[in-house]
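This report refers to the structure that appears directly beneath it.
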Amino acid sequence: MRQEIALKKIIEYTARKASSLNQRYEIEDLVAPSIADLVDRSMERIALTLVKRNGGLWCNLCSKGPFTKRGLYLHLIRVHTKDIEFMVREEMKRILDGIKKDRQQRYG
């Protein structure tokens, strides 16, 4: 339950980052402080894949636009929530697997 709430907030965080809107949450409030920088960089990469900026803000997933910042955010949340959720889940899995491998190499 708690993970699902955090996931929804991370999806919102990523959509707001893609739309260049101010954040409602600090990444440190959503994930462990020890991995906050890793997660923030990963969400930045996802955000860059969600938007095209040529003469305006365009959705890179369905090529709709141009949007205002708020319009793009609403589009991403309303239309592409599942797509963003998939990307975030895969990226979080990749981060955690990397941390796990790093710990195994150090300690085991």
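Every number here is computed from the coordinates shown, using simple stated rules; none is lab data. As the structure is a computational prediction, the values presented were derived from the model and not from experiment. Quick reminder, even Gly has a Cβ in these numbers, built from the backbone with ideal geometry, and neighbours come from all protein chains shown.
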Checking the cross-link filter: which aspartates and glutamates have an alpha carbon closer than 17 Å to that of LYS69, excluding same-chain neighbours under 8 positions apart? GLU12, GLU44
About its Cα centre, the chain carries a charge dipole, from +1 on Lys and Arg Cβ atoms and -1 on Asp and Glu Cβ atoms, whose size in debye to the nearest 20 is 260 debye
Could you grab the Rg to Rh ratio for the range 2-107? Cα atoms only, Kirkwood for Rh. 1.02
Excluding residues on the same chain fewer than 8 positions from LYS64, give the lysines whose Cα lies under 29 Å from its Cα. LYS8, LYS9, LYS17, LYS52, LYS82
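Using just the helices of the chain, give the 222 nm mean residue ellipticity in deg cm²/dmol: DSSP H runs with n ≥ 4 each add -39,500 (n - 2.57), and the total is spread over all residues, rounded to 500.
-22500 deg cm²/dmol
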Neighbours of ARG53 by Cβ distance under 15 Å: Lys/Arg at +1, Asp/Glu at -1, summed charge +3
Among residues other than GLU90 whose Cβ falls under 12 Å from its Cβ, what is the net charge (Lys/Arg +1, Asp/Glu -1)? 0
